[in-house]
Every structure is written in structure tokens, then in C-alpha cells.
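One structure below.
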Amino acid sequence: MWIFYLFNGLLCVWMAYRDASYIKEKQAQKIRHWLNGAVHIGVATVLWFLYGWPHFIAILAQSAFVFDVAMNIFRKLNPFYIPMKPKSWKDRADKFIFMGNGFLAKLFYLLLFIIMAFKLWNYF
């Protein structure tokens, strides 16, 4: 199971690098948000069928955290940056729910990942 988390983390870093390169080259229209989302959901679905629904949620939370932080670092931005005019639905939701506070958004995804991956909800 943990090999999926490692694979997904590396995949997120690679996708963040690719998308940051498109933005740097001013070719942001090449970013396929739907394809990134489909890959994340596909990997998460495999985990769901193999290990159960908590890992589905955990890997999506890991994807959100790792991809966003890596993308911001590759773009030489604050790791907790949230775009002022977000294009992806996830960034729009982050901006709305967390009122533009990127630190809270990343903290939420990190804690959600830890709670679901290690099945810690029994302790709350």
C-alpha cells in the first residue's frame, strides 16, 4: 500500500514540475487540469478497491498537499500560495473555503492525509 503513496507523491511532483514549466514559458493553456484530476482519481480508485475507502481519501489529500506545495516551490512562490484568480476548481474551492489562507488549506490536507492513511479517526 505504501508504494502507492510513494508513487503518487513522485507523480505529483512530476506533474507540478511540468505545469510550472508551462506557466514559466507562458503556455498555461497547455495545462490540462482535467487530466491531472483524472490521474489523481484513478490512482485513488485503485487504492479504494485494494485497501478501502480511507485510502481513497488519504491519497487525494496527499495529492492536494504534495502537488500544490511542489508547484508553488517550482514557481518560486510561497509554498502556501493560493492564486488570486484560480483556474482549477480545486483552487477555487480552496480560495472560497479557506478564504485565501493557503496555510490552513495545506494544513487541512496534511492532517486529513495523516488521519485517513493511519486510520486515526478512532482516536477522536
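The table that follows gives values for the structure above.
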read-out: Those residues of the range 32-82 which are within 11 Å of the chain's Cα centre (by Cα) and of a type in the set (D, E, K, R), in sequence order; value: Asp68
read-out: Per-region count, the range 65-123, residues over 22 Å from Lys24 (Cβ atoms) and of a type in the set (S, T, N, Q); value: 2
read-out: Odd one out for Phe4 among (1) surrounded by 14 or more Cβ atoms within 10 Å (Cβ to Cβ); (2) not in a helix (DSSP H, G or I); value: (2)
read-out: Candidate set: the range 1-30, residues that are free of Cβ contacts under 8 Å to residues at least 24 places away in the same chain and under 16 Å from the mean Cα position of the chain (by Cα); chosen: the one nearest to Trp121 (Cα to Cα); value: Leu6
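Rule-based calculations on the coordinates, nothing more; no lab input. In this text, all values refer to a predicted model and were calculated from it rather than measured experimentally. We place every Cβ from the backbone using ideal geometry, glycine too, and count neighbours over all the protein chains shown.
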